[in-house]
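Undergrad: Here you go, one structure.
The values are calculated or read from the model by the stated rules, or taken from the named source; none is laboratory data. The model shown is predicted, which means the values in this text are computed figures rather than measured ones. So basically every Cβ, Gly included, is an ideal-geometry build from the backbone, and we count neighbours across all protein chains shown. Ligands, DNA and RNA are stripped out before the accessible areas are found, and what is left, the full protein with its side chains, is counted by its heavy atoms. Shrake-Rupley method; radii C 1.70, N 1.55, O 1.52, S 1.80 Å.
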Amino acid sequence: MIDEEAVARVAASLSISTNRARRLAHTALPAGFARSVASAPRALLVEGPTDVAVFSALLDPPVVAAGGKHVLPLAVAVARALGCAPGVVLDADTHHHRAHRGSERLLDQLRGTVVHVLPVDLETALGGWPSFLRALSRTGSGLGAKDSRAYAAAARAARREDLPPDLAALLSVFASSPAASPPESPV
């Protein structure tokens, strides 16, 4: 679904050949990624399905999984090439020094994109949301299960008034205006 003009823009953005950009756009991103962002003026790009489950329940712009932290620069480049203004949410992985260095490198690659970094992993952030935990318990699931359906149901049922500060900050960044994720905004 990504045309040659968009492939050329992705290649230029990532400083790679058009052949490599074409191959990556078709193999490294989840099926349907290009279609999801091509139809949206803006979207929130996240790492995986549990992130999509929670943030889709909390936010209006489409939330699209990139398939992992390592492909977010490609996902941003493809989204932009298709006319979508992407924002990004990722966790900091601060518990592991090597992962933290990787997060710093990733943030540098995402310069020019609105990025919200959760200072903890998603499950830790959700663990500070009392009404979410009660709703998740009613589904028969728990945080350790990483059950996307249960997370989505719990996030829809939970109250916004007791959101933990990290998640409330994320909502304030991405929930308000249509221009919340302009491509030219700094990290």
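Undergrad: Mind checking which helices (runs of 4 or more DSSP H) fall wholly inside region 73-187 and carry at least 1 residues that are at pLDDT 90 or above and open to solvent by 40 Å² or more (accessible area, probe 1.4 Å)?
TA: Answer list for region 73-187: 122-126, 130-138, 148-157, 165-174.
Undergrad: Related question: Among what's in region 62-72 and is touching a Ser or Thr at 6+ places or on another chain (Cβ under 7 Å) and modelled with pLDDT of 95 or more, pick the residue that is farthest from A25 (Cα to Cα).
TA: Of region 62-72, the ones touching a Ser or Thr at 6+ places or on another chain (Cβ under 7 Å) are 62-64.
Then drop every residue that is not modelled with pLDDT of 95 or more, which leaves 63-64.
On the way: V63: 18, V64: 15 Å.
Here the answer is V63.
Undergrad: Quick one: is A12 surrounded by fewer than 14 Cβ atoms within 10 Å (Cβ to Cβ), within 19 Å of G112 (Cα to Cα) and aliphatic (A, V, I, L, M)? Even if it seems obvious, please write down each step before you answer.
TA: Details: surrounded by fewer than 14 Cβ atoms within 10 Å (Cβ to Cβ): yes; within 19 Å of G112 (Cα to Cα): yes; aliphatic (A, V, I, L, M): yes.
Judged against the criteria, A12 is a match.
Undergrad: I'm told L45 meets every condition in (1) out of contact with any strand residue (DSSP E or B) (no Cβ under 8 Å at 6 or more places or on another chain); (2) buried (at least 21 other Cβ atoms within 10 Å of the Cβ) except one. Can you identify the failing condition by its number?
TA: Only one criterion is unmet by L45, namely (1).
Undergrad: Scan the helices (runs of 4 or more DSSP H) fully inside region 1-64 and keep the ones with 1 or more residues being touching a Lys or Arg at 6+ places or on another chain (Cβ under 6 Å) and in contact (Cβ under 8 Å) with a residue 60 or more places away in the chain.
TA: Numbers: elements: 4-14, 18-27, 33-38, 49-58.
Fully inside region 1-64 and qualifying: 4-14, 49-58.
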